[in-house]
Amino acid sequence: DTAVSQTPKYLVTQMGNDKSIKCEQNLGHDTMYWYKQDSKKFLKIMFSYNNKELIINETVPNRFSPKSPDKAHLNLHINSLELGDSAVYFCASSQDFGGDGYTFGSGTRLTVV
Amino acid sequence: TQLLEQSPQFLSIQEGENLTVYCNSSSVFSSLQWYRQEPGEGPVLLVTVVTGGEVKKLKRLTFQFGDARKDSSLHITAAQPGDTGLYLCAGEGNDYKLSFGAGTTVTVRA
């Protein structure tokens with residue numbers, strides 16, 4: 001039974017398209033995150049939601065818009081995709097603000113061509 | 001955003017040898033977490049340390065948090081091929097953000 005599941009696993013799309021990545025957690029955690037991992041494996045936080053409220057919004061192009069319909073879901077919508085958006089995107093969750101550690105999904109590899 | 005530096009970037013050793021990975025910063029952290037990531041998967045939490053000077057052991061893995069809570073180390077004793085992976089340290093700042101180091105790729109040869 002997957003704790004943090006994100007779909008799709010792979011996403012190949014053309015420049016200019018709009019796409020969404022979905023994330024769900026069944027751990028009962030209060031906080032969810034989106035991280036971007038670049039080709040050098042560096043993980044950088046993009047957004048964080050606590051009980052459906054946005055608490056962290058890093059310097060991310062406004063083409064990226066997170067949506068949290070409830071505390072178990074955090075989706076990521078990306079408009080007008082660019083080549084530089086190609087990366088692996090990870091969803092994660094934690095109880096409270098994460099002092100006890102995060103649980104990550106298995107990632108979505110986005111390739112923009 | 002706190003900067004975490006991990007060293008070395010790559011480490012290749014023979015099965016049975018010991019290894020140490022370092023994680024350093026000029027910032028103080030509320031907690032320091034270590035993760036291991038395998039290809040095609042997300043990072044998996046190994047340990048969280050919160051008290052300066054704290055040492056935690058997980059089988060053959062020993063984690064230490066510096067007295068000033070700015071640095072940490074991961075030591076693996078008698079490494080096995082199953083220890084191969086990308087090891088990531090991450091520090092939680094006062095702003096609740098978890099910032100990751102660039103990672104250490106460990107390869108244990110049989």
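The set of residues from the range B:43-65 being open to solvent by 10 Å² or more (accessible area, probe 1.4 Å), assigned to a loop (DSSP other than H, G, I, E, B) and either in contact (Cβ under 8 Å) with a residue 12 or more places away in the chain or within 14 Å of chain A (Cβ to nearest Cβ) (or both) comprises B:VAL50, B:THR51, B:GLY52, B:GLY53, B:GLU54, B:ARG60. The residues of the range A:88-101 that are in contact (Cβ under 8 Å) with a residue 12 or more places away in the chain and open to solvent by 10 Å² or more (accessible area, probe 1.4 Å), listed by number, are A:VAL88, A:GLN95, A:ASP96, A:PHE97. Looking across the range A:56-66, the residues that are surrounded by 15 or more Cβ atoms within 10 Å (Cβ to Cβ) and part of a strand (DSSP E or B) come down to A:ILE56, A:PHE64, A:PRO66.
Scanning the range A:31-55 for residues that are open to solvent by 10 Å² or more (accessible area, probe 1.4 Å), over 23 Å from A:SER86 (Cβ atoms) and within 11 Å of another protein chain (Cβ to nearest Cβ) returns A:ASN50, A:ILE55. Filtered by the rule that a residue be closer than 15 Å to B:VAL21 by Cα and open to solvent by 10 Å² or more (accessible area, probe 1.4 Å), the range B:86-99 gives a lone residue, B:LEU86.
With the requirement that a residue be polar (S, T, N, Q) and closer than 14 Å to B:TYR96 by Cα, what does the range A:31-84 give you? The answer is A:THR31, A:SER48, A:ASN50, A:ASN57. Close contacts from the range B:95-110, counting a first residue that is under 14 Å from A:PHE97 (Cβ atoms) and assigned to a strand (DSSP E or B) and a second that is of a type in the set (D, E, K, R) and open to solvent by 10 Å² or more (accessible area, probe 1.4 Å), with Cβ to Cβ under 7 Å and a gap of 6+ residues or different chains, come to B:LEU98/B:GLU92.
The values are calculated or read from the model by the stated rules, or taken from the named source; none is laboratory data. These numbers were taken from a predicted model, which means no experiment stands behind them. Heads up, the Cβs are rebuilt from the backbone with ideal geometry, glycines too, and the neighbour counts pull from every protein chain shown. Quick note on the areas: whole protein, heavy atoms, side chains included, nothing else; ligands and nucleic acids left out. Shrake-Rupley method; radii C 1.70, N 1.55, O 1.52, S 1.80 Å.
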